Amino acid sequence: MQSSGVYTRDRCVTGIHGLDEILRGGIPYGSTVLAAGTCGSGKTTLAMEFLVRGALAGEACAHFTATEPSVKLLENIRQYAFFDMNMVDSGLINVFDMDVLYSWLGLEKASFDLDDVHALIKSIVDIVNTIGVTRLVIDSVTTLCYKIKSEQLIRDFLFTLGKKLATLGCTTVLISEITSATENAHWSSFGVEEAIADGIIVMGDSERMGHLLRFLQVVKMRGTAHSRAKHAIELTPLGVMLIPMLKWGASADKTSRWGS
Amino acid sequence: MFELDQMIAEQLTQVSLSSAIQVRVGANNAFGVTASTMVPLMQMFEMGGVYISAGRGAVEIIQAYEAIGVDVSNIQFLDLVSSGVLGGTDVPYPNVTFIDSPIMLESILLRTLYTLRTVNTARNFVILDSLNALSIYNDDRMLAEYLHTFINTFRQREVLSVLLTVPDQTPPLVLANLDTYCTDIVDRGQVVLL
């Protein structure tokens, strides 16, 4: 008798030490994942390593930066041994300044309306489609959404963008800046990003006797079983490394930086 | 002239890479016993690895080995002490890395795992010097949990764990866990002065 097989979705193997184990093999392909974290928690490094590991496997990757100029981003990331500038030169990693994109689209304005949002989605999707991007990072969706004044419009923007990118087979990481990573905190600035995302990875700092210990926790990931435990992370020259946080340590820690 | 304890070297021939050795030292013989453990591992078994110094700064330890004619430039030191001293991290040794505090137990483990990925020796050890120093800063239960994680992490990766401790300065819960999880013991913790 043939046993009925359990369906498992194909995975985008992040290549990040420990993260694929947490996700039981990787992020389900085509997912939109919110990487929400406090400042200095390692969001950009994690996202950049996600792209580099993809590039090393021959995938085309794109990074849209709204928080810092691409030149500065690349300078900061060059200190990591996992990064190789040839990946940028050869077109495997494509970094776009959002300011330049806004300029191309004539969107140099304080706030976006529905048409502006659609133009922005179209341009991102066109770039992804043209280059054949399979891994995309938007850093940060918070900065980008500050220009979208209506909550409904933010929801539409993220939902439509996520849907179109998923159709193209692109796995997307949206970086979200938050001020607290406590149990009661929102994992996004506008409260809508977390509902739309297929996955949420929270990053923050636990304070232990005056020292800050970085942590990462996958709180949601559709399409896969995963650990929901807090993991300590270290940003090493070889990339991000994770191990489970000590259980007794977690009870001794103040929950997070800026925490209530 | 400094003499190594040859009985320890003999005992080390019985251990494997997935072993965890508890090394009980006295307050007066700590360096001698540690050297008698580490030097054979380096010279007889051609091992490299990581030395985690929680009791004293790494420079002091390196210089103690240099004083007895042992080259430890192939050993990577993780110094948990010197960051707490102004100017303590300005050292002339490239094989020393600093961790902010002995409280950052997970960082110590992650940094050790990272360091082991960078060394060029095929067989490696991790020496934790010492549990009694870590117990100054960390809660007993947390340290016991850490010990469990630490030993199993390196056992799984076939990296020999060597855990130093001064028994009468180590919490009973931690000692009990050492007895449970370590596969071997080098006991020089009871020093009889004649």
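The values are calculated or read from the model by the stated rules, or taken from the named source; none is laboratory data. The shown structure was predicted, so the numbers you read here are calculated from the model rather than taken from an experiment. Because the Cβ atoms are built from the backbone with ideal geometry, glycine has one as well, and the counts that use them run over all protein chains shown.
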Meets criteria (free of Cβ contacts under 8 Å to residues at least 60 places away in the same chain and assigned to a loop (DSSP other than H, G, I, E, B)) for residue B:108: no
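Hey, does the range A:212-229 have a residue that's assigned to a loop (DSSP other than H, G, I, E, B), within 10 Å of chain B (Cβ to nearest Cβ) and at pLDDT below 95?
Keep residues of the range A:212-229 that are assigned to a loop (DSSP other than H, G, I, E, B), which gives A:222-229.
This time we only want the ones that are within 10 Å of chain B (Cβ to nearest Cβ), so: none.
Checked against the condition, which is being assigned to a loop (DSSP other than H, G, I, E, B), within 10 Å of chain B (Cβ to nearest Cβ) and at pLDDT below 95, the range A:212-229 yields no hits at all.
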Residue satisfying all of: in the range B:143-189; within 23 Å of residue A:232 (Cβ to Cβ) and among the basic types (Lys, Arg); surrounded by the most Cβ atoms within 10 Å (Cβ to Cβ) among these: B:155
Breaking point among (1) in contact (Cβ under 8 Å) with a residue 60 or more places away in the chain; (2) touching a Gly at 6+ places or on another chain (Cβ under 7 Å), for residue B:57: (1)
Filter result for residue A:95 (modelled with pLDDT of 95 or more, buried (at least 18 other Cβ atoms within 10 Å of the Cβ) and under 25 Å from residue A:167 (Cβ atoms)): yes
Pair list, Cβ < 9 Å and 6+ apart or interchain, from the range A:78-91 residues that are over 13 Å from residue A:51 (Cβ atoms) to residues that are in a loop (DSSP other than H, G, I, E, B) and modelled with pLDDT under 90: none
Unique residue being more than 9 Å from chain A (Cβ to nearest Cβ), in contact with a strand residue (DSSP E or B) (Cβ under 6 Å, 6 or more places away or on another chain) and over 18 Å from residue B:48 (Cα atoms) when the list is B:152, B:132, B:95, B:124: B:132
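Can you tell which of A:153, A:144 is among the aliphatic types (A, V, I, L, M), within 18 Å of residue A:195 (Cβ to Cβ) and either surrounded by fewer than 17 Cβ atoms within 10 Å (Cβ to Cβ) or at pLDDT 90 or above (or both)?
On the way: A:144 fails: either surrounded by fewer than 17 Cβ atoms within 10 Å (Cβ to Cβ) or at pLDDT 90 or above (or both).
On inspection, the qualifying residue turns out to be A:153.
Let me confirm something: among A:63, A:118, which residue is in contact (Cβ under 8 Å) with a residue 60 or more places away in the chain, under 24 Å from residue A:145 (Cβ atoms) and not aliphatic (A, V, I, L, M)? Before the answer, list the steps.
Values: A:118 fails: in contact (Cβ under 8 Å) with a residue 60 or more places away in the chain.
Every option except A:63 fails the conditions.
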Given (1) within 14 Å of chain A (Cβ to nearest Cβ); (2) at pLDDT 95 or above, number of the condition residue B:139 does not satisfy: (2)
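For the range B:147-179, give me each residue that is among the hydroxyl-bearing types (Ser, Thr, Tyr), within 22 Å of residue B:11 (Cβ to Cβ) and modelled with pLDDT of 95 or more.
From the range B:147-179, those among the hydroxyl-bearing types (Ser, Thr, Tyr) are B:149, B:153, B:161, B:165, B:170; that's our starting set.
If we keep only those that are within 22 Å of residue B:11 (Cβ to Cβ) as well, we get B:161, B:165, B:170.
Scanning the range B:147-179 gives B:161, B:165.
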Near pairs, Cβ below 6 angstrom, 6+ apart or cross-chain, from the range A:150-165 (within 16 Å of residue A:128 (Cα to Cα)) to any residue that is at pLDDT below 90 and of a type in the set (A, V, I, L, M): A:158/A:196
